[in-house]
Protein chains: 2
Amino acid sequence: MPSLSVFMDVPMAHKAEGSLLKSYKQDNHPNKMFLAYRVCMTEEGHPWVSPVVTKLRRQIAQDSSLNYEYTDVMGMKSFIQAALELLFGKHSQAIVENRVGGVHSVGDNGAFQLGARFLKTWHQDSQIVYITSFQKELHGLIFQDMGFTVYEYSFWDPTQMCMDPDTVINVVKQAPCGSILVIGNITDCKLTQCQWTNLMSIMKSKQIFPFFDITSQGLSSGDLCEDSRILRYFVAQGFEFFCSQSLSKNFGIYDEGVGLLVVVTHSNQHLLCVLSQMINFAHDLWLSPPTMGARIITSILSNPSLQGEWKHSVKRVVENIMLIKEKVKEKLRLLGTPGSWDHITDQKGTHSYLGLNSQQLEYLVKKKHIYIPRNGWINFTSVNANNIDYITQSINEAVLFTMDSKKYLQILTLAPAAPAPPRAPRMHRELSAVKAGLGCEQVGRAGGAGV
Amino acid sequence: MPSLSVFMDVPMAHKAEGSLLKSYKQDNHPNKMFLAYRVCMTEEGHPWVSPVVTKLRRQIAQDSSLNYEYTDVMGMKSFIQAALELLFGKHSQAIVENRVGGVHSVGDNGAFQLGARFLKTWHQDSQIVYITSFQKELHGLIFQDMGFTVYEYSFWDPTQMCMDPDTVINVVKQAPCGSILVIGNITDCKLTQCQWTNLMSIMKSKQIFPFFDITSQGLSSGDLCEDSRILRYFVAQGFEFFCSQSLSKNFGIYDEGVGLLVVVTHSNQHLLCVLSQMINFAHDLWLSPPTMGARIITSILSNPSLQGEWKHSVKRVVENIMLIKEKVKEKLRLLGTPGSWDHITDQKGTHSYLGLNSQQLEYLVKKKHIYIPRNGWINFTSVNANNIDYITQSINEAVLFTMDSKKYLQILTLAPAAPAPPRAPRMHRELSAVKAGLGCEQVGRAGGAGV
């Protein structure tokens, strides 16, 4: 055996997995709780799966006529078509004009990887990317590792406890011409129609390239059309853009890497050129994308009855989210927790800002073993009948204690951890949390200071 | 709408899909035949799936206790463990010493993508890669696009109609120190134990880094241990290496991207460092790999009875391959086709060299509509009872005609296509052939002259 290893100079890498999850895993407290899971959870604390998905999975497994051969590099054509129609509407002018297309990718990171590679090669005038802070760890690093300069921005104004539409308008005003603007959480950024028009006007004049991130169409308002309305408006206004479309969360197919990089261009000719380049990237990356998830989704979307079942299940999830948010707000009101908690119900979707400051969040983690990202952006589907009392009482405590910061400091330093209430359940599923709780602005691979 | 497109400078890319498949698709002849499919075919001309896979797919779909959440970035740990034990043996010293590990990847291209990225970053002394010609289009382009200098080599000696072990020995003799040697088709390169020892000795002295490509363990000899024997020998000799391990073909799970990048190091400490860097690459590429295929394979490998069923099915495939090769040779003998055809049965595995020259191959494509890569490396599982007569008669014709090249040229220029025999079936499955027939040395994205 040679004495020297080929790998002798390779250091241990900082893990992409944030420190919040690490702390959660290391915490032996029986009632520890993690509110930063990426996936939608059921009331029983399991990852949500649309019932029609389970049904289709069985049907597909029974079908002996199916061909499990490698797919085309571009992916399943029927899946791409169905996904595009879901996003833009069946009768979208851009679809009719054949200037919208997509490449079936391995999840949304795969879609961002494809898009970023393309922009690195073919958009060399500007290699500056603006990305919302909660997307930083997931997708910002893809751009960063490829050599782009990446800046974060956030719609959330922690002092006003609300989304601030001016943020993104100021970002594009200050951004160099030709910059790339990654827009996530499109349904919750509270821009009025007029503000969108203003934003688009600045973006057009400065040739800012939009890269949308649609991760859970339908799970925001419960209405699939409504959740992609702004995207359709961009198409109508003649924008060319990329969009990472993930269908994992709104179907509950998490581990099959179901994604799509959507490309909108001015003409079919441009579209074909862009897609041809993308195909070569995909060839190098994975050759052919996995199809099980895409097969299930295509079967559902191409059958009106199954599609109806799916839409119904999505609507139920949204109703539950709204209900749990109302309950959290109401419980805090009944506890007399100082402050207004309207911002909780003002926000849409599975994940929302809790609106706590860093001291309060630290209190929740250190004293109550409730793990929340440093920006307070939590998964509200992780709150359920079993833990809502513990969570709201803990928030109340955190707010009251931190009103007297001297007392707060004393308690943090000296007191043992408070005994946990009997009803708070232990969360068993830790896997997805590797990618969960990504709302923290300081999260980064090099720093490792994040969630 | 702005008048100028962001994409106005993006040209149409040369497709990775080779020209042989393109010609095949454009050919309207009812009896066209494609012998360059990448996947193993059944006697009925369908992609082969091990029956136990079909059974497990059903069982898994019925199991309501399963969790379909995102997996860890590294992938399914149980799958990685099972795959490593399959490759190195359950009691491998290197496994016991915790110096063998793997990252679950999206197929073998995903594994090569990970490995190449790592070597690009951490193996900067030499960025030269030697790769066998039939891997060029699939994996050579990954290195090439990343900036490596890529050279092709081939074990096959077309003049002697046999594998020439000296080729690879000459390659490593001439290669600069620290080069990367990609070794595919390990079971069929006909090196004796003594020649392997000699090769290893030169590789060690010149610090040549081995990157194995194990695509169909078991499908070569029918014996899983035998098919990875050389790899185990490299481990025993203290080599550090990477290995792309694909489990698609030997299970018949093609469209789920089931792969693994295997890492062998001198110590657990080095292994952990290497894997930690790999995880960051995987995070950027796809975040979490698809699991359906891995789930099926893990269930089979962890159950001795199911594993037995699977091994039996693999053995049957190999027996069929040997039988069909014998039949092709016998039919050519009965037809009195000039030349020796022993090389057909001397080669192992699904794909083997037919041993025809370029004129003969051109004759088969142009006159007989039998599509074969320019190096004559065909998928013998595509030959079956329905088409063997047409194929062997066509080979016989090709050999006879090209013995008089003047006559051959006349016929190629003047004569209409010969009527096809009634028994030759039409091949419907074209998808996988995007990646099929990759034996041609000239295949390249830029040139587009390949299969």
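The values are calculated or read from the model by the stated rules, or taken from the named source; none is laboratory data. What you see is a predicted model; the values in this text were computed from it and never measured. When we count neighbours, we look across all protein chains shown, and the Cβ atoms used for this are built from the backbone with ideal geometry, even at glycine.
Of A:Phe112, A:Phe134, which residue is within 11 Å of chain B (Cβ to nearest Cβ), in a helix (DSSP H, G or I) and in contact (Cβ under 8 Å) with a residue 24 or more places away in the chain? Steps first, please.
Working: A:Phe134 fails: within 11 Å of chain B (Cβ to nearest Cβ).
None of the others qualify; the one that does is A:Phe112.
Would you check if A:Ser179 is over 15 Å from the mean Cα position of the chain (by Cα), surrounded by 15 or more Cβ atoms within 10 Å (Cβ to Cβ), over 23 Å from A:Ser220 (Cβ atoms) and hydroxyl-bearing (Ser, Thr, Tyr)?
Values: over 15 Å from the mean Cα position of the chain (by Cα): yes; surrounded by 15 or more Cβ atoms within 10 Å (Cβ to Cβ): yes; over 23 Å from A:Ser220 (Cβ atoms): yes; hydroxyl-bearing (Ser, Thr, Tyr): yes.
Here the answer is yes, as A:Ser179 does meet what is asked.
Give me the residue from the range A:145-156 that is touching a residue at least 40 places away in the same chain (Cβ under 8 Å) and not charged (D, E, K, R) and, out of that set, surrounded by the fewest Cβ atoms within 10 Å (Cβ to Cβ).
Among residues in the range A:145-156 that are touching a residue at least 40 places away in the same chain (Cβ under 8 Å) and not charged (D, E, K, R), the one surrounded by the fewest Cβ atoms within 10 Å (Cβ to Cβ) is A:Ser154.
Given (1) surrounded by 13 or more Cβ atoms within 10 Å (Cβ to Cβ); (2) over 19 Å from B:Tyr353 (Cβ atoms); (3) modelled with pLDDT under 95, identify the lone condition not met by B:Pro416.
Only one criterion in (1) surrounded by 13 or more Cβ atoms within 10 Å (Cβ to Cβ); (2) over 19 Å from B:Tyr353 (Cβ atoms); (3) modelled with pLDDT under 95 is unmet by B:Pro416, namely (1).
Going by what's in this entry, would B:Val103 be described as over 20 Å from B:Ala282 (Cβ atoms) and part of a strand (DSSP E or B)? Walk me through how you get there before you give the answer.
Details: over 20 Å from B:Ala282 (Cβ atoms): no; part of a strand (DSSP E or B): yes.
No; evaluated as a whole, the condition is false for this residue.
Out of the range B:342-382, which residues are in a loop (DSSP other than H, G, I, E, B), of a type in the set (Val, Ile, Thr) and touching a Ser or Thr at 6+ places or on another chain (Cβ under 9 Å)?
Quick first cut of the range B:342-382, residues in a loop (DSSP other than H, G, I, E, B) only: B:347-350, B:354-357, B:369, B:372-376.
If we keep only those that are of a type in the set (Val, Ile, Thr) as well, we get B:350, B:372.
Within the range B:342-382, B:Thr350 is the sole residue that qualifies.
Residues that are aliphatic (A, V, I, L, M) and either within 30 Å of A:Ala282 (Cβ to Cβ) or more than 14 Å from chain A (Cβ to nearest Cβ) (or both), at least 1 per element: which helices (runs of 4 or more DSSP H) completely within the range B:240-341 meet that? Steps first, please.
Numbers: elements: B:248-251, B:268-285, B:292-301, B:304-335.
Filter on the range B:240-341 gives B:268-285, B:292-301, B:304-335.
For residues in the range A:51-91 being away from chain B (no Cβ under 11 Å) and at pLDDT below 95, which is nearest to the chain's Cα centre (by Cα)?
Step by step, filter the range A:51-91, then rank; the result is A:Lys90.
Test each condition in (1) within 23 Å of B:Leu191 (Cβ to Cβ); (2) over 20 Å from the mean Cα position of the chain (by Cα) for B:Gln135 and report the one that comes out false.
Among (1) within 23 Å of B:Leu191 (Cβ to Cβ); (2) over 20 Å from the mean Cα position of the chain (by Cα), B:Gln135 violates only (2).
Determine whether the range A:185-197 contains at least one residue that is in contact (Cβ under 8 Å) with a residue 40 or more places away in the chain, surrounded by fewer than 21 Cβ atoms within 10 Å (Cβ to Cβ) and within 14 Å of chain B (Cβ to nearest Cβ).
No, because not a single residue in the range A:185-197 is in contact (Cβ under 8 Å) with a residue 40 or more places away in the chain, surrounded by fewer than 21 Cβ atoms within 10 Å (Cβ to Cβ) and within 14 Å of chain B (Cβ to nearest Cβ).
So for the range B:204-223 (the condition being touching a helix residue (DSSP H, G or I) at 6+ places or on another chain (Cβ under 9 Å), more than 7 Å from chain A (Cβ to nearest Cβ), of a type in the set (A, V, I, L, M) and more than 28 Å from A:Asn67 (Cα to Cα)), does at least one residue qualify?
From the range B:204-223, those touching a helix residue (DSSP H, G or I) at 6+ places or on another chain (Cβ under 9 Å) are B:206, B:208-223; that's our starting set.
When the remaining residues are screened for being more than 7 Å from chain A (Cβ to nearest Cβ), the result is B:206, B:208, B:210-223.
With of a type in the set (A, V, I, L, M) added as a condition, the list becomes B:208, B:214, B:219.
Add one more test, that the residue is more than 28 Å from A:Asn67 (Cα to Cα), and what stays is B:208.
Yes, the range B:204-223 contains at least one residue that is touching a helix residue (DSSP H, G or I) at 6+ places or on another chain (Cβ under 9 Å), more than 7 Å from chain A (Cβ to nearest Cβ), of a type in the set (A, V, I, L, M) and more than 28 Å from A:Asn67 (Cα to Cα).
Out of A:Leu275, A:Leu247, which single residue is closer than 27 Å to A:Met41 by Cβ and touching a strand residue (DSSP E or B) at 6+ places or on another chain (Cβ under 6 Å)?
Values: A:Leu275 fails: closer than 27 Å to A:Met41 by Cβ.
Criteria check complete, one pass: A:Leu247.
Please determine, by comparing only the residues of the range A:331-351 that are surrounded by 14 or more Cβ atoms within 10 Å (Cβ to Cβ) and without any contact (Cβ under 8 Å) to a residue 60 or more places away in the chain, which one is nearest to A:Thr402 (Cα to Cα).
A:Trp341
Here is a list of conditions, (1) closer than 24 Å to A:Asp157 by Cβ; (2) part of a helix (DSSP H, G or I), and A:Arg232 meets all of them except one; can you say which number that is?
Tallying (1) closer than 24 Å to A:Asp157 by Cβ; (2) part of a helix (DSSP H, G or I), A:Arg232 fails exactly one: (1).
So, in the range A:278-294, of the ones that are out of contact with any helix residue (DSSP H, G or I) (no Cβ under 6 Å at 6 or more places or on another chain) and in contact (Cβ under 8 Å) with a residue 24 or more places away in the chain, which residue ends up nearest to B:Arg38 (Cα to Cα)?
We begin by selecting, within the range A:278-294, every residue out of contact with any helix residue (DSSP H, G or I) (no Cβ under 6 Å at 6 or more places or on another chain); these are A:279-280, A:282-283, A:288-291, A:293.
Still in the list and also in contact (Cβ under 8 Å) with a residue 24 or more places away in the chain: A:279, A:282-283, A:288-291, A:293.
Numbers: A:Ile279: 19, A:Ala282: 18, A:His283: 15, A:Ser288: 13, A:Pro289: 16, A:Pro290: 17, A:Thr291: 18, A:Gly293: 23 Å.
Among those residues, the one meeting the criterion is A:Ser288.
Right, A:Ala83: among the hydrophobic types (A, V, I, L, M, F, W, C), closer than 20 Å to A:Ala236 by Cα, surrounded by 16 or more Cβ atoms within 10 Å (Cβ to Cβ) and in contact with a Leu (Cβ under 6 Å, 6 or more places away or on another chain) or not?
Working: among the hydrophobic types (A, V, I, L, M, F, W, C): yes; closer than 20 Å to A:Ala236 by Cα: yes; surrounded by 16 or more Cβ atoms within 10 Å (Cβ to Cβ): yes; in contact with a Leu (Cβ under 6 Å, 6 or more places away or on another chain): yes.
For A:Ala83, the condition - among the hydrophobic types (A, V, I, L, M, F, W, C), closer than 20 Å to A:Ala236 by Cα, surrounded by 16 or more Cβ atoms within 10 Å (Cβ to Cβ) and in contact with a Leu (Cβ under 6 Å, 6 or more places away or on another chain) - is met.
Among the numbered criteria (1) surrounded by fewer than 14 Cβ atoms within 10 Å (Cβ to Cβ); (2) away from every other protein chain (no Cβ under 11 Å); (3) at pLDDT below 95, which single criterion is violated by B:Asp9?
(2)
Which one of these is among the hydroxyl-bearing types (Ser, Thr, Tyr) and either surrounded by fewer than 21 Cβ atoms within 10 Å (Cβ to Cβ) or not assigned by TED's automatic domain parsing to the domain that holds A:Leu224 (or both): A:Ser126, A:Ser133? First the steps, then the outcome.
Details: A:Ser133 fails: either surrounded by fewer than 21 Cβ atoms within 10 Å (Cβ to Cβ) or not assigned by TED's automatic domain parsing to the domain that holds A:Leu224 (or both).
Criteria check complete, one pass: A:Ser126.
Taking the criterion of being in contact (Cβ under 8 Å) with a residue 12 or more places away in the chain, under 26 Å from A:Trp286 (Cβ atoms), assigned by TED's automatic domain parsing to the domain that holds B:Val274 and out of contact with any helix residue (DSSP H, G or I) (no Cβ under 8 Å at 6 or more places or on another chain), would at least one residue in the range B:160-173 satisfy it?
no
Among (1) out of contact with any Gly (no Cβ under 8 Å at 6 or more places or on another chain); (2) in contact (Cβ under 8 Å) with a residue 12 or more places away in the chain; (3) of a type in the set (Ser, Thr, Tyr); (4) facing chain B (nearest Cβ under 10 Å), where does A:Ser105 come up short?
Failing condition for A:Ser105: (1).
Conditions tested, residue by residue: (1) in contact with a Phe, Trp or Tyr (Cβ under 6 Å, 6 or more places away or on another chain); (2) at pLDDT below 95.
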| position | (1), (2) |
| --- | --- |
| B:Leu181 | yes, no |
| B:Ile186 | no, yes |
| B:Cys189 | yes, yes |
| B:Ser201 | no, no |
| B:Lys204 | no, no |
| B:Ile208 | no, no |
| B:Gly218 | no, no |
| B:Gly222 | no, no |
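Within the bounds of the range B:157-175, is there any residue that is within 13 Å of chain A (Cβ to nearest Cβ) and either of a type outside the set (S, T, N, Q) or surrounded by fewer than 17 Cβ atoms within 10 Å (Cβ to Cβ) (or both)? Show your work before the answer.
Within the range B:157-175, the subset within 13 Å of chain A (Cβ to nearest Cβ) is none.
Checked against the condition, which is being within 13 Å of chain A (Cβ to nearest Cβ) and either of a type outside the set (S, T, N, Q) or surrounded by fewer than 17 Cβ atoms within 10 Å (Cβ to Cβ) (or both), the range B:157-175 yields no hits at all.
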